[in-house]
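I have a structure I would like to understand better, so I am pasting it below and will then ask my questions one at a time.
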Amino acid sequence: MSGSAARVVPVALVGLGGVGAAILSQLSSPPLAQKFKVVAIANSKKYLFNKDGGIKSDGFLEQLNKNGVELDVPGLIGKLSTLADGPAILIDSTATDTLPSLYPTILGMNIHLVTPNKKGFSSGLELYQKIQSASYPKTGSLVYGESTVGAGLPILSSLKDLVETGDEIIKIEGVFSGTLSYIFNEFSKVEGGDVKFSEVVKIAKDKGYTEPDPRDDLSGSDVARKLTILSRLLPDSTLPHSTLPEGYASLPTRSLVPAALAECKSKEEYMERLEEGDEEMSQLREEARKEGKVVRFVGMIDVKSGKVEAKLEKYPFDHAFATALQGSDNIISFTTKRYSPRPLIIQGSGAGADVTAMGVTSDMVKIYERMRLKAW
Ligand SMILES: NC(=O)C1=CN([C@@H]2O[C@H](COP(=O)(O)OP(=O)(O)OC[C@H]3O[C@@H](n4cnc5c(N)ncnc54)[C@H](OP(=O)(O)O)[C@@H]3O)[C@@H](O)[C@H]2O)C=CC1
Ligand SMILES: N[C@@H](CC=O)C(=O)O
Ligand code: NA
């Protein structure tokens, strides 16, 4: 351990929705407030920069609206990279494509990056490779995204540990969407559960589980993105990256957006017309029920066959996916050479602001410790 005095690391937080607000709250309280100071916050309209820190969670939107200036991401990054007190961390808590397209530039400016946003790691392979080239171990800039899969659950860190210690991944499968887990846990139950599909979708949105545009969840894209992120962490020889040149869009994915609603021009129109899909989903539920089964939305990476897929499946009433899941639970099982025939299973809340924020702030602590070992 280095003998240098502890530093308070400057942080910029872009995206102040449910997750961003929870991150700010965690960073404003002990023990994290002793390690980090928030020097910038931004939403889609404005940003506020204060090099001395002091941006707290109380009344942050009022502060931003009163003292902020029009959002200028290059300007914000420029200020962050020239702070006198050393490397900073930028948090992308948006769901945009635009910020991820700047990750290589941000990392190239010696700024570390943490994000729950899946877009940068699951879209085209070109961007993903540029991010890899701009970050550790190729450069000194660190990039972490634990919350991109399973929110705060230790999914990416566990997979990295398995791979980096020489285990062989055979299969990764489970329920990867907090939103779709909640929806089907309520909609398709062992007993009862005659609620309308549209009603549970609305509740999942109100609980903050969905993406800013719920069609990203209901189309299966969110699960396909998570599968892409996991696939790209496997060694090249296991499941070649080149098989996923377009990222998540290359994967077979079951969509739960009915054909009639695929033409909706906005998320608002989609939410208003949700009921149009109710009959089809009720039929699916009844079909499963007659077979003594429930419906669940699952993801699978089968290394042997090279298959990566996001799909709807029926499970018997006594299956763990029918009995053991509640709320927004994710359950993810890793079958490996070492964890076989009994897999390593991780289960818990897979969506929601506080647990997602925890995945982000725990990544920040990892960066903090590594900076400290390098004597900052
Ligand atoms: N909710 C959850 O359970 C989980 C979420 N995530 C991920 O966390 C991220 C944030 O999710 P969540 O907080 O729920 O989303 P919200 O919709 O609540 O918040 C999104 C925030 O991003 C801001 N924003 C939008 N566009 C831009 C832009 N171009 N530049 C700067 N800011 C912008 C919005 O600004 P404005 O307020 O002005 O609209 C808003 O503050 C997403 O990537 C999501 O996938 C990951 C795991 C779980
Ligand atoms: N919308 C996502 C949020 C976490 O990634 C989900 O429901 O799983
Ligand atoms: Na996670």
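Given the conditions (1) under 14 Å from Leu218 (Cα atoms); (2) assigned to a helix (DSSP H, G or I), and given that Glu286 satisfies all but one, which numbered condition is not satisfied?
(1)
Now a separate question. Return the residues of the stretch 154-168 that are touching a residue at least 40 places away in the same chain (Cβ under 8 Å) and either of a type in the set (Gly, Ala, Ser) or over 19 Å from Met358 (Cβ atoms) (or both); say none if nothing qualifies.
Passing the criteria: Ser158, Leu162, Val163, Asp167, Glu168.
Residues that are modelled with pLDDT of 95 or more, of a type in the set (S, T, N, Q) and farther than 19 Å from Arg232 by Cα: which strands (runs of 3 or more DSSP E) entirely in the stretch 293-358 hold 1 or more of them?
In the stretch 293-358, 329-336, 344-349 are the strands (runs of 3 or more DSSP E) which contain 1 or more residues that are modelled with pLDDT of 95 or more, of a type in the set (S, T, N, Q) and farther than 19 Å from Arg232 by Cα.
Another question, then. How many residues, within the stretch 120-164, are away from ligand 3 (no atom under 16 Å from the Cβ) and part of a helix (DSSP H, G or I)?
Number of matching residues: 10.
Just checking: which of the helices (runs of 4 or more DSSP H) contained wholly in the stretch 187-271 hold 2 or more residues that are small (Gly, Ala, Ser), under 20 Å from Met300 (Cβ atoms) and within 15 Å of ligand 2 (Cβ to nearest atom)? Outline the logic, then answer.
Working: elements: 197-206, 215-218, 221-231.
Helices (runs of 4 or more DSSP H) meeting the threshold: 221-231.
Since Lys307 meets every condition but one in (1) closer than 26 Å to Tyr248 by Cα; (2) in contact with a helix residue (DSSP H, G or I) (Cβ under 8 Å, 6 or more places away or on another chain); (3) of a type in the set (D, E, K, R), which condition does it not meet?
(2)
Of the conditions (1) of a type in the set (Asp, Glu); (2) outside any loop (DSSP other than H, G, I, E, B); (3) in contact with a strand residue (DSSP E or B) (Cβ under 9 Å, 6 or more places away or on another chain); (4) over 19 Å from Val308 (Cα atoms), Asp167 fails just one. Which one is it?
(2)
Next up: Please state which one of Ser93, Ser135, Ser81, Ser123 is more than 16 Å from ligand 2 (Cβ to nearest atom) and in contact with a helix residue (DSSP H, G or I) (Cβ under 7 Å, 6 or more places away or on another chain).
Working: Ser93 fails: more than 16 Å from ligand 2 (Cβ to nearest atom); Ser81 fails: in contact with a helix residue (DSSP H, G or I) (Cβ under 7 Å, 6 or more places away or on another chain); Ser123 fails: more than 16 Å from ligand 2 (Cβ to nearest atom).
Just a single option satisfies the conditions, and that option is Ser135.
Please go through the stretch 129-150 and give me each residue that is more than 16 Å from ligand 1 (Cβ to nearest atom) and charged (D, E, K, R), ordered by number.
Lys130, Lys138
The values are calculated or read from the model by the stated rules, or taken from the named source; none is laboratory data. A quick note: this is a predicted structure, and the numbers were derived from the prediction, not measured. Cβ atoms come from the backbone with ideal geometry, glycine included; neighbour counts cover every protein chain shown.
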